[in-house]
1. Output the number of residues of the range 73-125 satisfying the condition of being part of a loop (DSSP other than H, G, I, E, B), over 26 Å from residue 306 (Cβ atoms) and not polar (S, T, N, Q).
2. For the range 413-489, which strands (runs of 3 or more DSSP E) that fit wholly inside it have 2 or more residues that are farther than 20 Å from residue 550 by Cβ?
3. List every residue pair whose Cβ atoms sit under 6 Å apart, with the two residues 6 or more apart in sequence or on different chains, where the first one lies in the range 459-471 and is at pLDDT 95 or above and the second, anywhere, is of a type in the set (A, V, I, L, M, F, W, C) and surrounded by fewer than 16 Cβ atoms within 10 Å (Cβ to Cβ).
4. Quick one: is residue 399 more than 24 Å from residue 525 (Cβ to Cβ) and out of contact with any helix residue (DSSP H, G or I) (no Cβ under 6 Å at 6 or more places or on another chain)?
5. Are any residues in the range 249-271 crowded, with 19+ Cβ neighbours inside 10 Å and in a loop (DSSP other than H, G, I, E, B), and if so, which ones?
6. Taking the range 583-626 only, how many residues are surrounded by 17 or more Cβ atoms within 10 Å (Cβ to Cβ), among the β-branched types (Val, Ile, Thr) and either at pLDDT below 90 or within 14 Å of residue 643 (Cα to Cα) (or both)?
7. Just checking, which of 491, 532, 519, 510 is more than 30 Å from residue 259 (Cα to Cα) and at pLDDT 95 or above?
8. Residues to consider are 202, 239, 243, 209; find the one that is surrounded by 18 or more Cβ atoms within 10 Å (Cβ to Cβ) and not charged (D, E, K, R).
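The values are calculated or read from the model by the stated rules, or taken from the named source; none is laboratory data. Here the structure is a predicted model, which is why all the values come from computation and not from measurement. Quick reminder, even Gly has a Cβ in these numbers, built from the backbone with ideal geometry, and neighbours come from all protein chains shown.
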Amino acid sequence: MKYTLGVLFALAGIVVFVAMAPEEVNNPGRFHSEQELSFYRKALNINASALIDSDAYFLHPSECRGCHGYDSLHIANIDGQGNDINLYDDWETSMMGLSGVDPFWKAKVSQEITINPAHANDLQLLCTRCHAPMGHFTAMLHGQGTYTLEDLAHDSLGQAGVACGGCHSIQSDSISGLEFTGNLHYDTTHVEFGPFTNPTQGPMQLYVGLLPVYSTHMGRSQLCATCHTLISNVVDLNGIPTGNTFVEQATYHEWKNSVYPAQDKVCQSCHMPQVEDPVKIANGYISLIGRTPFNLHEFAGANTFMLQLMKNNKDSLGITASDRNFDSTFSATSRLLRTNTVSIQVDSINVSPDTAYFDVKLTNKAGHKFPSGYPSRRAVLQFVVMKEGGDTLFASGLFDANNEVVGLDSSFERHHDIIKQPNEVQVYEMVMGDVNNNKTTILERSNSKLKDNRLVPKGFTTSHSAYDTCFIKGDAEVDPDFNRVNGLQGSGNDVVHYHIPLNGYAGRVSISALVYYQSIPPAFLNEMRSLSTSHIDRFLGMYDSSDKRPFLVTADTLKEFIIPQAPLPNAVNWGMPLQGFELSPNPTRDGFVELKGPLLAGTRLSIYSSSFALVSTFQIAEPLRERMLELPPSPGFYFLVIEQNKQRRLIKIVRL
């Protein structure tokens, strides 16, 4: 097979490649003079010095921009609708592209080495493996033995973060899924691995000295595993190693313990969504075939806060990316948070003379825990019941003026199955404990998990082989409907039961259940604020002047719900609501819904209007597993009351 290489022809502004023999590919000097190379590179807007040095292992991503950046002719790096989807601009403002200049990360490294200065070299080597891999491994391969924040400050390769070569040079033997904590294996022979078969090799060889090679490992989750499984060595409060290890994050193992590997849904499925349109992936070569499917290089995660902070401080951080690119990444990140992380539903209500009962069901839609990754991240469930006149009847999970959650316990908030008081708040988080089981945010001192009730992915079980690295900790372990339905694990759900004191109130109320996300809650920085270094002071200055409002991920509401003057019809001492019933579709367009669950003989089903006027009622004569129900023709919301063995379940139904 002959490789497409270049003899370039400038014909009406169009550049075309003609096939050359393999021996010419391997010796471009035989058929190109320096003048020709200079002309061709200028035509393609490629730096004349872009050819990688023989003793270098990575190319700076700016040298990749000429081919994989914006195409002024609008031929390459666009989708079928002509939208620009070039790799460089999407990557540049991602947290991957910014990982080497991330001021929070640098502040945390500075905090850790200030607390344990004797470990400074090891800590910096550990942290730069994943945040600045090209700079770190270049130093290691050249026998340097150290790579500090000071080295990083003067190293453009390190400051480029997780750039092109940081991923595309990883060897396939590095992705067994068993490697962790940045133990990356790089190919040092100037090879770049890609996801497309039969890559056009000539242009990259000629202009940057790299050989593109097809490899299936670029489309597997294991490619991400090495840095997204982080295990650290534990030290006591005096900095003495204990011999224990602590799993700071295990996003890859969370994915392994889910339904998604069996469905062939990999990390790239969400974080690098595919475009099915054929895409020419390099500028200037109209002879290139369009490649499909094409993975966008947005690398959207969940950290909208840090994206905005770095955009607002990009000049002082030395970031040259445009605001437009930042805004694009922010939009992609916001979209991922709102569509691919968690859903919420207020799906069950009971009313007694003195208490209103609401169930809030959260469902994890991500391929790993939510939140996942760095331990500072948390999600807060806010639940508010407002009276008709605008006064608050009940509120849990509100934020104060400093964007801290109101009513949290002084150490950490435990997981709740039932919430009865405003100072009880459901916070989904991982809390680290030191050797004395006190809460800590110092990673090297982290010895155990005090709490981990983060929403687990669908299919997650305690019997999976990876459970030891991503286990649930605390009250969520015994919560009967945390990742369980009828005792069976793997739902990816959590149901929080709110028992709201009415204090004699009757009338209209509106109910709001909202999920907020915070990547750096204020209290997580308390220990950092006790220290002062240039990196810490710089970050805290940026943080304190930033917009720290939490990000609203999702919400559900019940508007104009009526708390009746008297209990609902046939009210008795109902106890806990019935479990094990599902109603679908909900919302319904045609008015028909199917009720599934253990419908015993004698079970009464009643449909009420939004004002609790009885619409219809009937009794089950013999045991059933499902029953079709019909709503009135008028759009709006209704309530189905299931009465069985002196227990009751009330489910909201929406007719569109």
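1. Residues in the range 73-125 being part of a loop (DSSP other than H, G, I, E, B), over 26 Å from residue 306 (Cβ atoms) and not polar (S, T, N, Q): 7 in total.
2. Working: elements: 426-428, 430-433, 448-452, 482-485.
The strands (runs of 3 or more DSSP E) meeting that bar are 430-433, 448-452, 482-485.
3. Hits for this filter: 459/259.
4. Numbers: more than 24 Å from residue 525 (Cβ to Cβ): no; out of contact with any helix residue (DSSP H, G or I) (no Cβ under 6 Å at 6 or more places or on another chain): yes.
Here the answer is no, as residue 399 does not meet what is asked.
5. To start, the set of residues in the range 249-271 that are crowded, with 19+ Cβ neighbours inside 10 Å comprises 249-258, 260, 266-268, 270-271.
Of everything in the range 249-271, those that are crowded, with 19+ Cβ neighbours inside 10 Å and in a loop (DSSP other than H, G, I, E, B) turn out to be 257, 258, 260, 266.
6. 2
7. On the way: 491 fails: more than 30 Å from residue 259 (Cα to Cα); 519 fails: more than 30 Å from residue 259 (Cα to Cα); 510 fails: at pLDDT 95 or above.
Sole residue among the options that is more than 30 Å from residue 259 (Cα to Cα) and at pLDDT 95 or above: 532.
8. Values: 239 fails: surrounded by 18 or more Cβ atoms within 10 Å (Cβ to Cβ); 243 fails: surrounded by 18 or more Cβ atoms within 10 Å (Cβ to Cβ); 209 fails: surrounded by 18 or more Cβ atoms within 10 Å (Cβ to Cβ).
After applying the criteria, what remains is 202.
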